[in-house]
Amino acid sequence: MFDGVDNDCDEETDEGVMSTWYQDDDGDSYGDPDSVTEACSMPLGYVANDDDCDDDEPSAHPGGVEVCDGLDNDCNGEEDDDAVDADTWYADADADGFGHAEDSIEACSAPDGFVADATDCHDGDTTIHTDAEEVCDDVDNNCDGEVDEDLLSTWYRDADGDSYGDAFTTTEECE
């Protein structure tokens, strides 16, 4: 019995009734496995578990919410994995700075080959993206859903070669 008395006359007081307690420096209710004390009752600043992975950081403990902060907040051995505040990054296969919306990942920082922009309509051609200039080539160069817009002219057929075209026989072409 813990009573501060040598009850069995062996010159030891309260032997065998001590418990192991773990220091909790950050106050998150999880103790440091490397900072241990033995006592009959829980000392101030100590807890009964040794589950803390970073006793200097109150946001790091088992079951903690993983956020983009360079810490292992949930004590699973990995920093910033599945962080709730991670950004969406889009694959940029052609390295033109514009990613494809259908190929994305969540991460705290952009992995190699990924960008924040998801507006590339053809991620296999560096000349095709939302900032590209439209050129007359039967391709939607600027990803606006239109092909060769504002570049086509109406041409009239000049069957007799007199430089005057037929108003009823036309075609839309760049040149």
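The values are calculated or read from the model by the stated rules, or taken from the named source; none is laboratory data. Quick caveat: nothing in here was measured; it's all calculated off a predicted structure. Cβ atoms come from the backbone with ideal geometry, glycine included; neighbour counts cover every protein chain shown. Surface accessibility is based on the protein's heavy atoms, side chains included, excluding ligands, DNA and RNA. Shrake-Rupley method; radii C 1.70, N 1.55, O 1.52, S 1.80 Å.
Which one is modelled with the lowest pLDDT among residues in segment 112-123 that are closer than 28 Å to Glu172 by Cα and not hydrophobic (A, V, I, L, M, F, W, C)? Residue satisfying both the conditions and the ranking: His122. Which of the residues belonging to segment 112-129 are of a type outside the set (A, V, I, L, M, F, W, C) and not in a loop (DSSP other than H, G, I, E, B)? Answer for segment 112-129, where residues must be of a type outside the set (A, V, I, L, M, F, W, C) and not in a loop (DSSP other than H, G, I, E, B): just Thr119. Among the residues making up segment 130-170, a single one is in contact with a Lys or Arg (Cβ under 6 Å, 6 or more places away or on another chain), part of a strand (DSSP E or B) and either within 30 Å of Ala118 (Cα to Cα) or free of Cβ contacts under 8 Å to residues at least 12 places away in the same chain (or both): Asp166. Note on segment 76-94: among residues that are surrounded by 18 or more Cβ atoms within 10 Å (Cβ to Cβ) and at negative phi, the one that is farthest from the chain's Cα centre (by Cα) is Asp94. The residue that is nearest to the chain's Cα centre (by Cα), counting only those in segment 134-158 that are at pLDDT below 85 and surrounded by fewer than 12 Cβ atoms within 10 Å (Cβ to Cβ), is Asp150. Does Gly97 satisfy the criteria of being on the phi > 0 side of the Ramachandran plot, open to solvent by 50 Å² or more (accessible area, probe 1.4 Å) and in a loop (DSSP other than H, G, I, E, B)? No.
Here is a yes/no grid of residues against (1) in a loop (DSSP other than H, G, I, E, B); (2) on the phi < 0 side of the Ramachandran plot; (3) small (Gly, Ala, Ser):
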position	(1), (2), (3)
Glu12	yes, yes, no
Gly27	yes, no, yes
Ser41	yes, yes, yes
Asn49	yes, yes, no
Asp54	yes, yes, no
Glu57	yes, yes, no
